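Below you'll find the structure, written out as C-alpha cells, and then a few comments.
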Amino acid sequence: MAVLNDEQVMLRDMAREWADNESPVTAFRKLRTAQRPEGFDPEAWRAVAEMGWAGVVVPEEHGGSAFGYLSLGLVLEQLGRNLAASPLASVTAAATAIVLGADEGAKTAWLPRLASGELVATLAVDEGPVHRGINGLATTVTDGKLTGTKMFVAEGDSATLFVVAGTDGLYLVSGEEGVTRTHRHMADERSHADVRFEAAPAIRLGGPELTAAVVDRATAAVCAEMLGMAEQAFAITNDYLKTRVQFGAPLSTFQALQHRMARMFTELELMRSAVEGALEAIDARRSDTDQAVSLAKAISSDTLKLVSREMIQLHGGIGMTDEYDAGFYLKRSAVLEATWGNAAWHRERFARLNGY
C-alpha cells in the first residue's frame, strides 16, 4: 500500500465524503433513467472541477495543482466506489497529452480551461472493437488536416476537445469542424461514441512515444476506478453475507462462503499494490512504467471480473434484479475490462516487454 502524505490523505477523504454524500449509486441510477445526452451530470462535474480535481495533473502555472497520478488515482478510486459518472479520467488523459506534448501554445490555450472544468476533452485511439495498442493505426494527417475514425471513445458524446492518435503520433483537434460523432450504446450506460474526423484541423503534440506514454497513463487511471469498484463490491457483498440469514444462521458463518470471500480479499490486496505501484511509477517517471501499468491492468481486470461476478452469485436471486445495484458493477466492469486492453492483452505485453 502506498504511503500517502497529509495532502493526499485529505484529498482521498474529501473525495470519499463527496462521493458518498453527493454522488451515491442512486445518483447514477437517476442519471441512467434520465438518459442525459452527455452521459454525466453537468452540475456534479462543475462541483468536481471547483474542488480542483480536474487539474490534479496540470502544472500550477496553467491553473492546476500538479499533485500527480497517485493523487488522481485516489480521487478516481473514491468515485469508482459509487460508480460516479464523471468525465474526470478522460479529461485528465487529454490534459496529460498536452502537458507532455511539445506545443507550448496548446498548453497556454487549453490547460487552464481543462483544469477549471470549462471543457470536456477525451483521448481517441482505438479504431476497432478490440484494443490493439498504438501500432497499425489508419488515422492520417495531411497538411494539418486529420482524417480517420475512432471507436468507443469515452465521453465522445460531449467532448469539444479531442486528443487523437495518428500513424505518426498524437494530435489535438478542437471544435466541430470535420468532426462527426455517433453515439454507441454500451452496457454500462455511460458516454461512448464513434467519432469520424474528416480533414479536421489538427495540432501535432508529439510522436508515437508520446502516444504510448499517454495511453499508459489513461490505463492507470482506469485501473484506479476499477480498484474503487472492486473494493465497494466486496464491501457490499460482505455486509450482505453478515445480515442475510439462511437455514437459521447468517450466510457469513458458512465455511464455503468464507473461503470465497477470503480469496477475494487477498486478490484485492494484490490489486491495490499493483495499481498504486503503477501510479507511483508514473509520478517517479520510472523506466519500467509500461510494465507496471500492464501488470496493474491485467490484475485489475481479473480481480474486478471475479469480485463483480461473485457479488451477483453471493447475493442470489436479488443480485440479478435491476432494482439492486450489483448489476451496475457487473456491467461497468465488463466495459472497463476491455478499455485500453484486456487482461490477456496486457499479460502478453508484459511478457514482450520483459523479452519473452
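Laid out as a table, the results:
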| quantity | calculated |
| --- | --- |
| Count of residues meeting criterion [of a type in the set (S, T, N, Q), over 20 Å from the mean Cα position of the chain (by Cα), within 26 Å of Thr219 (Cβ to Cβ) and open to solvent by less than 60 Å² (accessible area, probe 1.4 Å)] in region 282-329 | 0 |
| Subset of region 236-288 [among the charged types (D, E, K, R) and not in a helix (DSSP H, G or I)] | Arg244, Arg285, Arg286, Asp288 |
| Test result for Arg46, open to solvent by 30 Å² or more (accessible area, probe 1.4 Å), in a helix (DSSP H, G or I), out of contact with any helix residue (DSSP H, G or I) (no Cβ under 6 Å at 6 or more places or on another chain) and without any contact (Cβ under 8 Å) to a residue 12 or more places away in the chain | no |
| Test for Arg244: is it touching a Leu at 6+ places or on another chain (Cβ under 6 Å), over 26 Å from Glu118 (Cβ atoms) and either open to solvent by 40 Å² or more (accessible area, probe 1.4 Å) or modelled with pLDDT of 95 or more (or both) | yes |
| Options Ala66, Ala54, Ala27; residue that is closer than 19 Å to Glu189 by Cα and modelled with pLDDT of 95 or more | Ala27 |
| Among (1) in contact with a helix residue (DSSP H, G or I) (Cβ under 7 Å, 6 or more places away or on another chain); (2) assigned to a helix (DSSP H, G or I) - the single one Tyr324 does not satisfy | (2) |
| Members of region 141-189 that are in contact with a His (Cβ under 8 Å, 6 or more places away or on another chain) and basic (Lys, Arg) | Arg184 |
| Flag if Asp20 is touching a residue at least 60 places away in the same chain (Cβ under 8 Å), open to solvent by less than 80 Å² (accessible area, probe 1.4 Å) and in a helix (DSSP H, G or I) | yes |
| Every residue from region 1-19 that is of a type in the set (Asp, Glu) and within 21 Å of the chain's Cα centre (by Cα) | Asp13, Glu17 |
| Meets criteria (at pLDDT 95 or above and part of a helix (DSSP H, G or I)) for Ser300 | yes |
| Residue in region 334-356 that is farthest from Leu76 (Cα to Cα), counting only those that are open to solvent by less than 40 Å² (accessible area, probe 1.4 Å) and over 11 Å from the mean Cα position of the chain (by Cα) | Ala351 |
| Residue list for region 264-281, restricted to those being open to solvent by 50 Å² or more (accessible area, probe 1.4 Å) and in contact (Cβ under 8 Å) with a residue 40 or more places away in the chain | Glu267, Ser273, Glu280 |
| Pair list, Cβ < 8 Å and 6+ apart or interchain, from region 65-81 residues that are touching a residue at least 40 places away in the same chain (Cβ under 8 Å) and among the basic types (Lys, Arg) to residues that are open to solvent by 10 Å² or more (accessible area, probe 1.4 Å) and part of a helix (DSSP H, G or I) | Arg81/Arg16; Arg81/Glu231; Arg81/Gln232 |
| Single residue of Ala94, Ala84 found to be outside any helix (DSSP H, G or I), within 28 Å of Leu304 (Cα to Cα) and touching a Ser or Thr at 6+ places or on another chain (Cβ under 7 Å) | Ala84 |
| Out of Ala102, Ala109, Ala124, Ala89, sole residue that is open to solvent by less than 20 Å² (accessible area, probe 1.4 Å) and at negative phi | Ala124 |
| Qualifying positions in region 333-349 - part of a helix (DSSP H, G or I), in contact with a helix residue (DSSP H, G or I) (Cβ under 7 Å, 6 or more places away or on another chain) and under 13 Å from Ser300 (Cβ atoms) | Ser333, Leu336, Glu337, Ala343, His346, Arg347 |
| Lone unmet requirement of (1) closer than 21 Å to Val275 by Cβ; (2) within 25 Å of the chain's Cα centre (by Cα); (3) open to solvent by 20 Å² or more (accessible area, probe 1.4 Å) for Ala233 | (3) |
| Counted residues, region 120-131 - those being at pLDDT 95 or above and in contact with a helix residue (DSSP H, G or I) (Cβ under 7 Å, 6 or more places away or on another chain) | 5 |
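The values are calculated or read from the model by the stated rules, or taken from the named source; none is laboratory data. Nothing here was measured: the structure is a model prediction, and the numbers come from that model. Quick reminder, even Gly has a Cβ in these numbers, built from the backbone with ideal geometry, and neighbours come from all protein chains shown. Accessible surface areas use protein heavy atoms only, side chains included; no ligands, DNA or RNA. Shrake-Rupley method; radii C 1.70, N 1.55, O 1.52, S 1.80 Å.
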